[in-house]
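S.K.: Sending over a structure as structure tokens; questions will come in a sec.
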Amino acid sequence: MTHDTESLRDRAIRLYDDFTHEHRDRRTLLRQMTALAGSTVAAEALIAGIAASPAAAAIVAPDDTRLRTRKERFAAAPGLPLTGYFASPARAGRRPAVIVVHENRGLTPHIEDVARRLALAGFDVVAPDFLTPQGGTPSDEDKARELIATADYDAVIAAAVATIGHMATGGRKVGIVGFCWGGALVDRVALAAGSRLGAGVSYYGPAPAPAEAAKVQAPLLLHYAGKDARVAQTAEPWVAALKAAGKPVEAFTYPGVDHAFNNDTSPQRYDKTAADLAWGRTVAFLHRHLDA
């Protein structure tokens, strides 16, 4: 798509994605947005509409009486403490477990809301803060992205794999769901965890090298955005390699939607139709592969 055929909204989202994923500075973003929108005020309004809002209303309230929730430190493995947000149905019972992996902004209220949604769908859920070794997720999302960029990625993968073991109490199966940065991590965890992972769901995550596909053992469900050319460059070869290797993979591309289309706290990105369809597929996929 050329600049001539892109809408102002599309060009603004592309600039913002360059800022968030290529670690450009905010002054450059504001200058580029001002040139695009015509004024600083209009540029700030564009940025506000694209950026996720921590003040956005949750889909499932934090005090929903159908759930039990807590935020606490846990030992993913000996000597490996993480902060995690836990959510489970209030009713007693044995359930499969799901790990929710945050975006590049860390463990935000939105990701905690996603954890609650999965708990209502019948899972015991933990959303770890993978910025715990760096002091935890800060309130400033720009600072969170800076910390994500300096995280020890191998250590993060190891912590995620260890969390699978932590949640696999009583021999229950454990799945993992991740978004953006977390979606990329899902694929890497599938490579590292082998048969310990029961199922993985990646939302618009940049993919590993296709040559790695043969190592995957867990069933994967991969969601992609039709307008997300950056991720598609790695996603298409990855899906093709998984299928060629005979791996249990389901991949869906949602036409006409942007990267992060599931994030309802970003008005310019969120697409309810695509998000609802992907969510229904996600819950059904996890139950199919994780229920005893």
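S.K.: Within the group 235, 251, which residue is in contact with a Phe, Trp or Tyr (Cβ under 6 Å, 6 or more places away or on another chain) and open to solvent by less than 50 Å² (accessible area, probe 1.4 Å)?
M.R.: None of the others qualify; the one that does is 235.
S.K.: Additional query: Taking the stretch 196-217, which residues are crowded, with 17+ Cβ neighbours inside 10 Å and without any contact (Cβ under 8 Å) to a residue 60 or more places away in the chain?
M.R.: Hits for the stretch 196-217 are 197, 200, 202, 204, 205, 206, 207, 208, 210, 212, 213, 216.
S.K.: Here is a further query. What single numbered condition from (1) touching a residue at least 24 places away in the same chain (Cβ under 8 Å); (2) open to solvent by 20 Å² or more (accessible area, probe 1.4 Å); (3) over 19 Å from residue 167 (Cβ atoms) fails to hold for residue 140?
M.R.: All conditions are met except number (1).
S.K.: Something else now. Mind listing whichever residues of the stretch 81-131 are more than 12 Å from residue 68 (Cα to Cα), among the small types (Gly, Ala, Ser) and buried (at least 21 other Cβ atoms within 10 Å of the Cβ)?
M.R.: 84, 97, 106, 127
S.K.: Suppose we filter the stretch 164-182 for residues that are in contact with an Asp or Glu (Cβ under 8 Å, 6 or more places away or on another chain) and aliphatic (A, V, I, L, M); how many remain?
M.R.: Final tally of qualifying residues: 1.
S.K.: May I ask you to list the residues in the stretch 260-283 that are in a loop (DSSP other than H, G, I, E, B) and either touching a Lys or Arg at 6+ places or on another chain (Cβ under 6 Å) or within 14 Å of residue 114 (Cβ to Cβ) (or both)?
M.R.: Answer for the stretch 260-283, where residues must be in a loop (DSSP other than H, G, I, E, B) and either touching a Lys or Arg at 6+ places or on another chain (Cβ under 6 Å) or within 14 Å of residue 114 (Cβ to Cβ) (or both): 260, 261, 262, 263, 264, 265, 266, 270.
S.K.: If you don't mind, another one. Could you tell me whether any residue of the stretch 231-242 is out of contact with any Ser or Thr (no Cβ under 8 Å at 6 or more places or on another chain), aromatic (Phe, Trp, Tyr) and not in a helix (DSSP H, G or I)?
M.R.: no
S.K.: Looking at (1) in a helix (DSSP H, G or I); (2) touching a strand residue (DSSP E or B) at 6+ places or on another chain (Cβ under 8 Å); (3) of a type outside the set (Ser, Thr, Tyr); (4) open to solvent by less than 20 Å² (accessible area, probe 1.4 Å), which is the only condition residue 193 fails?
M.R.: (2)
S.K.: Can you confirm whether the stretch 186-193 contains a residue that is acidic (Asp, Glu), touching a residue at least 12 places away in the same chain (Cβ under 8 Å) and out of contact with any Gly (no Cβ under 7 Å at 6 or more places or on another chain)?
M.R.: no
S.K.: From 222, 286, which residue is among the aliphatic types (A, V, I, L, M), touching a helix residue (DSSP H, G or I) at 6+ places or on another chain (Cβ under 9 Å) and either without any contact (Cβ under 8 Å) to a residue 60 or more places away in the chain or not in a helix (DSSP H, G or I) (or both)?
M.R.: 222 is the lone residue from the list that is among the aliphatic types (A, V, I, L, M), touching a helix residue (DSSP H, G or I) at 6+ places or on another chain (Cβ under 9 Å) and either without any contact (Cβ under 8 Å) to a residue 60 or more places away in the chain or not in a helix (DSSP H, G or I) (or both).
S.K.: Follow-up. Just need a number here: residues in the stretch 153-172 that are of a type in the set (D, E, K, R) and buried (at least 20 other Cβ atoms within 10 Å of the Cβ).
M.R.: 0
S.K.: Residue check: is residue 278 surrounded by 14 or more Cβ atoms within 10 Å (Cβ to Cβ), of a type in the set (A, V, I, L, M) and either at pLDDT 95 or above or touching a His at 6+ places or on another chain (Cβ under 8 Å) (or both)?
M.R.: Spelling it out, residue 278 is indeed surrounded by 14 or more Cβ atoms within 10 Å (Cβ to Cβ), of a type in the set (A, V, I, L, M) and either at pLDDT 95 or above or touching a His at 6+ places or on another chain (Cβ under 8 Å) (or both).
S.K.: From the list 265, 253, pick out the single residue that is touching a Ser or Thr at 6+ places or on another chain (Cβ under 7 Å) and among the polar types (S, T, N, Q).
M.R.: Only one candidate passes the filter, namely 265.
S.K.: Right, next: Please go through the stretch 281-292 and give me each residue that is open to solvent by less than 60 Å² (accessible area, probe 1.4 Å) and either modelled with pLDDT under 95 or among the small types (Gly, Ala, Ser) (or both), ordered by number.
M.R.: 284
S.K.: So which residues in the stretch 254-275 are exposed (fewer than 15 other Cβ atoms within 10 Å of the Cβ) and of a type in the set (Ser, Thr, Tyr)?
M.R.: 273
The values are calculated or read from the model by the stated rules, or taken from the named source; none is laboratory data. Keep in mind the model is a prediction, meaning the values are calculated, not measured. When we count neighbours, we look across all protein chains shown, and the Cβ atoms used for this are built from the backbone with ideal geometry, even at glycine. Just the protein is used for accessible areas: all its heavy atoms, side chains included, with ligands, DNA and RNA removed. Shrake-Rupley method; radii C 1.70, N 1.55, O 1.52, S 1.80 Å.
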